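Everything below concerns the one structure shown next.
The values are calculated or read from the model by the stated rules, or taken from the named source; none is laboratory data. In this text, all values refer to a predicted model and were calculated from it rather than measured experimentally. Ideal geometry is used to build each Cβ from the backbone, glycine not excepted, and the neighbour counts take in all protein chains shown. Protein only, heavy atoms only, side chains kept; ligands, DNA and RNA dropped before computing areas. Shrake-Rupley method; radii C 1.70, N 1.55, O 1.52, S 1.80 Å.
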Amino acid sequence: MSLDPADLALVRGLVEIPSASRDEARAVAWLVERMRDRGFRSEVDAAGNAVGEIGDGPTHVVLLGHIDTVPGIFPVRIEDGELVGRGAVDAKGPLAAFVSAASVRLPGLRVTVVGAVEEESPTSAGARYRATLPAPDHCVVGEPSGWDGLTVAYKGRLVAEVALERAARHGAAPGPTLTEEALAVWERVRAVAAARGGARAFDRLDCRLEGMRAGESDGLAERAWLKVGYRIPPGAAVDEIERELRAAVTAEEGTSATVTRAASEEPVRTERTSALARAFVRAIAEAGGTARTLAKSGTSDMNVLAPVWRCPMVAYGPGDSAYDHTPMERLRLEDHARAIAVLRSVLARLARGDG
Amino acid sequence: MPKCPECDADVTVGGDAVKGEIVACPDCGAELEVTETSPLALALAPEEEEDWGE
């Protein structure tokens, strides 16, 4: 299956505009214009998202993909049938596929495409703003699942900082150094998380030491700092994990320990039996594939939107998520074309009420 | 009519169902995968594939 030249120009043009998180304005303005060219009513919303709406039917579908990327750009090029460049997979490919697929107005349907800002930042400001608006009937979040996959679950996230402090001591003083105390705290935190168990990787609570500073003293106080990051499976909650962390952070006499939550997202799982999921399975079959359903350890804007909107929701988009955040991001153009065909078929099914 | 392999209830599946489609048992709520369409056959749906990305 070959990619329409206009759809290639759209995805390549979007990838060519750098848009690291919190610096998306140029890409947003460009996408708003491209959507207007294609017949969308388009604008930049109050959060800075690129928004395009097409059709005026009673069934409302939101296709929301993030327009920001992680930092680190490298030359955009087409190589062996693949578009190479920052954001090709995560997640400008899926977002461009949304615009391409929704460009055909369908009776009975109103489709809103959102290029959301700040998904790669802890703020998730773009999705959080959209979540304040009325829920649509169906929502697709743009993330790479492969053209024949759909994602129905994401782990949650908790990032916490642990600060230890005690009065400065001579280096020859007996007892553990504050650095050793900090490492002992980390070992207790890790052991508590591991004790939860879980049959498969997705069911386990991941707990990582994501940062550490120690050995700091101004002559009056010694300080150590740990950044602990959790990936939380559905069935557990952020508050519960934070309580366990606080209980595990105990300090030696004379040392104070404080725990601060830096960022969090609840885990999410959506229905595989919804009309939307069924429409994807049938559309993928129509395109010659057998649908795979995925559960991911990362997070996405689905973590923000699903608990608020509570409508049928999946994440979908072309590309292999193994390239997420790597300096080798590449999108197979044939898969991009297939994903556009699948999305068109899904929208046509939703317009007909045929899940 | 196919039966739920978990509770033996009758499960209605549309004639246009495709292989890989997942339906819910109306009695016990189990997620069931359409494994064959002619004749219709159901099995307990496998868990999702795991992936560490976004």
Open item on the list: Residues that are within 14 Å of chain B (Cβ to nearest Cβ), among the basic types (Lys, Arg) and touching a Gly at 6+ places or on another chain (Cβ under 7 Å): does region A:260-283 have at least one?
Closed with: yes
Open item on the list: I want to confirm something. Restricting to region A:82-95 and keeping residues that are assigned to a helix (DSSP H, G or I) and in contact with an Asp or Glu (Cβ under 9 Å, 6 or more places away or on another chain), which single residue is nearest to A:Thr112 (Cα to Cα)?
Closed with: A:Pro94
Task: Test: A:Arg196 is within 15 Å of A:Ala163 (Cβ to Cβ), outside the structural domain of A:Ser300 (by TED's automatic domain parsing), open to solvent by 80 Å² or more (accessible area, probe 1.4 Å) and not in a helix (DSSP H, G or I) - done: no
- [ ] Please give the strands (runs of 3 or more DSSP E) falling wholly within region A:9-81 in which 2 or more residues are open to solvent by less than 40 Å² (accessible area, probe 1.4 Å) and on the phi < 0 side of the Ramachandran plot.
- [x] A:50-54, A:59-66
Open item on the list: Looking at region A:210-231 only, could you name the residues that are closer than 12 Å to A:Ala160 by Cβ and either within 14 Å of another protein chain (Cβ to nearest Cβ) or more than 21 Å from the chain's Cα centre (by Cα) (or both)?
Closed with: A:Gly211, A:Trp225, A:Leu226, A:Gly229
- [ ] Determine which member of the set B:Glu33, B:Glu47, B:Glu54 is within 11 Å of another protein chain (Cβ to nearest Cβ), open to solvent by less than 50 Å² (accessible area, probe 1.4 Å) and in a loop (DSSP other than H, G, I, E, B).
- [x] B:Glu54
Task: helices (runs of 4 or more DSSP H) within region A:236-328 that include 1 or more residues assigned by TED's automatic domain parsing to the domain that holds A:Val11 - done: A:275-286, A:302-309
Task: Candidate set from region A:319-344 (those that are open to solvent by less than 20 Å² (accessible area, probe 1.4 Å) and of a type in the set (Asp, Glu)); member that is farthest from A:Ile73 (Cα to Cα) - done: A:Asp324
Task: Residues that are under 12 Å from the mean Cα position of the chain (by Cα), open to solvent by 50 Å² or more (accessible area, probe 1.4 Å) and either within 11 Å of another protein chain (Cβ to nearest Cβ) or among the aromatic types (Phe, Trp, Tyr) (or both), drawn from region B:4-23 - done: B:Lys19
Task: A:Thr290 vs. criteria loosely packed, with under 14 Cβ neighbours inside 10 Å and within 14 Å of chain B (Cβ to nearest Cβ) - done: yes
Open item on the list: Any residue at all in region A:207-230 that's open to solvent by 20 Å² or more (accessible area, probe 1.4 Å), touching a Lys or Arg at 6+ places or on another chain (Cβ under 7 Å) and either in a loop (DSSP other than H, G, I, E, B) or within 30 Å of B:Gly29 (Cβ to Cβ) (or both)?
Closed with: no
- [ ] Report, ordered by the first and then the second residue, all pairs with beta carbons closer than 6 Å, sequence separation of six or more or different chains, a first member in region A:282-307 that is more than 18 Å from A:His66 (Cα to Cα), and a second member that is surrounded by fewer than 19 Cβ atoms within 10 Å (Cβ to Cβ) and among the acidic types (Asp, Glu).
- [x] A:Arg292/B:Glu49; A:Leu294/B:Glu49; A:Ala295/B:Glu50
Open item on the list: Exactly one condition in (1) among the polar types (S, T, N, Q); (2) under 29 Å from the mean Cα position of the chain (by Cα); (3) at pLDDT below 95 is false for A:Thr250; which is it?
Closed with: (2)
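Yes or no, residue by residue, for (1) at positive phi; (2) out of contact with any Asp or Glu (no Cβ under 9 Å at 6 or more places or on another chain); (3) in the same structural domain as A:Asp68 (by TED's automatic domain parsing); (4) aliphatic (A, V, I, L, M):
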site	(1), (2), (3), (4)
A:Cys139	no, yes, yes, no
A:Pro144	no, no, yes, no
A:Gly149	no, no, yes, no
A:Glu161	no, yes, no, no
A:Gly171	no, yes, no, no
A:Gly175	yes, no, no, no
A:Leu178	no, no, no, yes
A:Leu183	no, yes, no, yes
Open item on the list: When you scan region A:303-315, do you find a residue that is closer than 21 Å to A:Arg349 by Cβ, open to solvent by less than 20 Å² (accessible area, probe 1.4 Å) and within 14 Å of chain B (Cβ to nearest Cβ), even just one?
Closed with: yes
Task: Filter result for the condition that a residue is out of contact with any helix residue (DSSP H, G or I) (no Cβ under 6 Å at 6 or more places or on another chain) and over 25 Å from A:Gly156 (Cα atoms), over A:Ala236, A:Ala251, A:Ala247, A:Ala224 - done: A:Ala251
Task: Subset of region A:51-81 (residues that are closer than 30 Å to A:Gly353 by Cα, without any contact (Cβ under 8 Å) to a residue 60 or more places away in the chain and over 26 Å from the mean Cα position of the chain (by Cα)) - done: A:Gly55, A:Asp56, A:Pro58
